[in-house]
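A.B. asks: I'd like to ask you about the structure that follows.
The values are calculated or read from the model by the stated rules, or taken from the named source; none is laboratory data. Note that the structure is a prediction, hence the values are computed from the model and not measured. No Cβ is skipped: glycine too gets one built from the backbone with ideal geometry, and neighbour counts run over all protein chains shown. Surface accessibility is based on the protein's heavy atoms, side chains included, excluding ligands, DNA and RNA. Shrake-Rupley method; radii C 1.70, N 1.55, O 1.52, S 1.80 Å.
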Amino acid sequence: MKALVALILLVQLPIHKAVPAAPPAPLGCDDPESVAAAEAAVNYINGHSDHGYKFALNRIKDIRVVPQGPNNAIIFLELDLLETKCAILSPTPLANCTVRSFAEHAVEGDCDVKLQKVDGIISVLASKCHSHADSSEDVHKVCPDCPLLASLNNTEVLEVVSAALNYYNRKTIDSYLRLLEIGRAKIQYHPVHAVFAEFAVGATNCSAEQAKANVGACQLLPEDQSNFGFCTAVMVKHPSQDLQVDCQLYGHQVPAPHIPLLSRPGVTYAHPGQDTSAGLVPSAVGFINHNLGLSHNNPVASESSSSEIFRSMLSAKSLTKGAVPVAAQHDRVPRPVGFVPLPPSCPGKILHFDI
């Protein structure tokens, strides 16, 4: 009898079901964790870029986090970047590189990056980028007389780069410099006709005096002695003629051990049989800026193959049919009366300017 009474009382007890924990709130684009991931992505992109200039973060457009287990998550980022004045070969830390102003005909980079965060450590799995210059119309709305970017193989540009490098090599008592690549160029027609050029150079195994006898024998210094630099030149062609040249050598830099000489930024195209006499890679001919056409997979990443990585990146951008957005899932959680949802946290704030 006592057992029966105990059973009846047990059945009448309220049944408490385990309430599943609410999913973590999605990261905002300006949250510290998002910014840390973006900084890691930008450093990776600059470290694997071969031409042109370093890029700086301008805005985090979107972030998605996919948990993989305890202390393990995959992060997808969409980033807006802006070109800086630091050549990709420059040893200047990115934090000290000046972003080119809007009036200087800015170049923007758009990047998709996949990262992994394990036990608080962020590593980049893959990245895909492209870049483009702002439109001429937008520049002239702000600065009607500002010079615009010119094609890197423009005849006037090639003329100025050749004249500037010859001028410098005639004056210097140091190593003969060889052209690596033309970085950017602008042509102004009013009030004066002037051509502006920027180009990367490398020191050779010849002195400037030795080069006069046999310039063809002058080769870039070997990897353990390499010395790269950067030059700017301005040639005024009308109403008077004038040429100003300034070159700065960076000194020998020890490269990362996994990046051989012929795969280092600014030197990747210098392979036997490839004509680089004009300082142009084939992909740059006819363009006004070096495209940040970077598509790179980390060979030591712990995630899957490159094709799977980019399929994941694409699928993360668009929800499958019938899927519910993360924000909508959170909206299903009961809210107190009078609750006002926070405004969307992406895209993030613009750090420099929008183009």
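A.B. asks: Can you put Val192, Val254, Val99, Val157 in order of accessible area, largest first, using a 1.4 Å probe?
C.D. replies: Ranked list, largest accessible area first: Val254, Val192, Val99, Val157.
A.B. asks: Here is a further query. Per residue, how much accessible surface does the range 147-254 expose to a 1.4 Å probe? Answer in Å², no decimals.
C.D. replies: Here the per-residue accessible area is 50 Å².
A.B. asks: In whole percent, and with a 1.4 Å probe on the protein chains, what portion of the accessible area of the range 26-145 is carbon and sulfur?
C.D. replies: Carbon with sulfur: 52 percent of the solvent-accessible area.
A.B. asks: A follow-up question, please. Across 5 Å bins from the origin, how do the percents of Cα pairs in the range 147-254 run, short distances first?
C.D. replies: 2, 13, 22, 21, 17, 12, 8, 4, 1, 0
A.B. asks: Which peptide among 207-215, 180-188, 110-118 comes first, and what is the full order, when sorted by highest mean count of other Cβ atoms within 10 Å?
C.D. replies: Sorting 207-215, 180-188, 110-118 by mean packing, highest first, produces 180-188, 110-118, 207-215.
A.B. asks: Mind scanning Lys85/Lys237; Lys85/Lys212; Lys54/Lys114; Lys128/Lys237 and naming the pairs with a C-alpha gap bigger than 29 Å?
C.D. replies: From the list (Lys85/Lys237; Lys85/Lys212; Lys54/Lys114; Lys128/Lys237), the Cα-Cα distance tops 29 Å for Lys85/Lys212; Lys128/Lys237.
A.B. asks: Continuing with the same structure: For the range 26-145, what is the accessible area per residue in Å² when the probe is 1.4 Å?
C.D. replies: 40 Å²
A.B. asks: Distances over 18 Å make up what percent of all Cα-Cα pairs in the range 26-145?
C.D. replies: 54 percent
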